[in-house]
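As structure tokens, the structure follows; a few thoughts come after it.
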Amino acid sequence: MEFIIISGLSGAGKSKAASFLEDMDYFCIDNLPAPLIPKFAELCAAGPGKYDRVALVTDVRTGTNFDGLFHALDVLEEMKCAYRILFMEASGETIIKRYKETRRSHPLAEEADSLEEAIGLERQMLAPLRERADKIIDSSNLSTAKLKGVLRQMFGRADTGRERMEVR
């Protein structure tokens, strides 16, 4: 069983990464509460192999304290369930541009006076998780196609050889 925990800054490409991993046959869940992660891993391990490649997205939407996530990861280690943490980040300018394009509000907007301040606050909150990350991707200068290629190199199956062609 392979678990990938996707986290990082809001607007850095976590959702895109999850959708690309889903295309690579990962079962993806967005925003699963941390206390449920070990239980979900148990269900995956007990199943017939349908969920042998799982990607979970977690970020500041689940709360500002990552102790629960760190505890869940410790439990995964005790269960001998291998996992990797993928941390997505981007420059402040890039994130601001993306928020202006989508016209969405930042998850920490109510706790900050500006978007720049919210991004800075999020960086501080996520610093301990970033330190534990196995892979860090800065998506500032990555096109969608390049991000997909980076993820395929990092997490693609070794036995596939080439990207498969899809005909519709």
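The values are calculated or read from the model by the stated rules, or taken from the named source; none is laboratory data. Everything numeric in this text was worked out from a predicted model, so none of it was measured. Please note: Cβ atoms are built from the backbone with ideal geometry, for glycine as well, and neighbour counts cover all protein chains shown. These accessible areas exclude ligands, DNA and RNA; they are computed on the full protein's heavy atoms, side chains included. Shrake-Rupley method; radii C 1.70, N 1.55, O 1.52, S 1.80 Å.
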Mind checking which residues of region 17-74 are assigned to a loop (DSSP other than H, G, I, E, B) and open to solvent by 60 Å² or more (accessible area, probe 1.4 Å)?
Asp25, Pro33, Pro48, Lys50, Tyr51, Asp52, Thr64, Asn65
Condition broken by Leu129, with the remaining ones in (1) touching a residue at least 60 places away in the same chain (Cβ under 8 Å); (2) not in a helix (DSSP H, G or I) satisfied:
(2)
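Based on what the data block shows, is Glu122 on the phi < 0 side of the Ramachandran plot and open to solvent by 40 Å² or more (accessible area, probe 1.4 Å)? Show your work before the answer.
On the way: on the phi < 0 side of the Ramachandran plot: yes; open to solvent by 40 Å² or more (accessible area, probe 1.4 Å): no.
Answer is no for this residue.
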Hey, any hits in region 4-14 for a residue that's in contact with a His (Cβ under 9 Å, 6 or more places away or on another chain) and within 30 Å of Ala112 (Cβ to Cβ)?
yes
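Identify all residues within region 83-103 that are part of a loop (DSSP other than H, G, I, E, B), at pLDDT 90 or above and open to solvent by 10 Å² or more (accessible area, probe 1.4 Å); write none if there are none.
So the first thing to find is which residues in region 83-103 are part of a loop (DSSP other than H, G, I, E, B), and the list is 90-91, 103.
The next check asks that each one be at pLDDT 90 or above; those that pass are 90-91.
The one that is part of a loop (DSSP other than H, G, I, E, B), at pLDDT 90 or above and open to solvent by 10 Å² or more (accessible area, probe 1.4 Å): Ser91.
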For the structure I just gave you, tell me whether Asp67 is at pLDDT below 90, of a type outside the set (Gly, Ala, Ser) and within 27 Å of Glu42 (Cβ to Cβ).
yes
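To keep it simple, each residue is scored yes or no on (1) in contact with a Leu (Cβ under 6 Å, 6 or more places away or on another chain); (2) closer than 18 Å to Ile137 by Cα; (3) small (Gly, Ala, Ser).
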{"residue": "Ala12", "(1), (2), (3)": "no, yes, yes"}
{"residue": "Ser15", "(1), (2), (3)": "no, yes, yes"}
{"residue": "Leu21", "(1), (2), (3)": "no, yes, no"}
{"residue": "Leu32", "(1), (2), (3)": "yes, no, no"}
I'd like to know if region 57-77 contains one or more residues that are free of Cβ contacts under 8 Å to residues at least 40 places away in the same chain, touching a Leu at 6+ places or on another chain (Cβ under 8 Å), over 24 Å from Ala127 (Cα atoms) and not charged (D, E, K, R).
no
Is region 105-115 home to any residue that is open to solvent by 60 Å² or more (accessible area, probe 1.4 Å), assigned to a helix (DSSP H, G or I), under 23 Å from Asp67 (Cα atoms) and at pLDDT below 90?
yes
Please give the number of the condition Ser139 fails out of (1) open to solvent by 30 Å² or more (accessible area, probe 1.4 Å); (2) among the hydroxyl-bearing types (Ser, Thr, Tyr); (3) touching a Leu at 6+ places or on another chain (Cβ under 8 Å).
(1)
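I need a count of the residues in region 1-16 that are in a loop (DSSP other than H, G, I, E, B) and surrounded by 21 or more Cβ atoms within 10 Å (Cβ to Cβ). I'd like the intermediate steps shown before the answer.
Filtering region 1-16 down to residues in a loop (DSSP other than H, G, I, E, B) leaves 1, 9-13.
Keeping just the survivors that are surrounded by 21 or more Cβ atoms within 10 Å (Cβ to Cβ) gives 9-13.
Looking only at that region, the number is 5.
Per-residue answers, yes or no, for (1) out of contact with any Phe, Trp or Tyr (no Cβ under 7 Å at 6 or more places or on another chain); (2) among the basic types (Lys, Arg); (3) at pLDDT below 85:
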{"site": "Lys16", "(1), (2), (3)": "yes, yes, no"}
{"site": "Ser19", "(1), (2), (3)": "yes, no, no"}
{"site": "Lys50", "(1), (2), (3)": "yes, yes, yes"}
{"site": "Arg53", "(1), (2), (3)": "no, yes, no"}
{"site": "Val57", "(1), (2), (3)": "yes, no, no"}
{"site": "Arg61", "(1), (2), (3)": "yes, yes, yes"}
{"site": "His71", "(1), (2), (3)": "yes, no, no"}
{"site": "Leu76", "(1), (2), (3)": "no, no, no"}
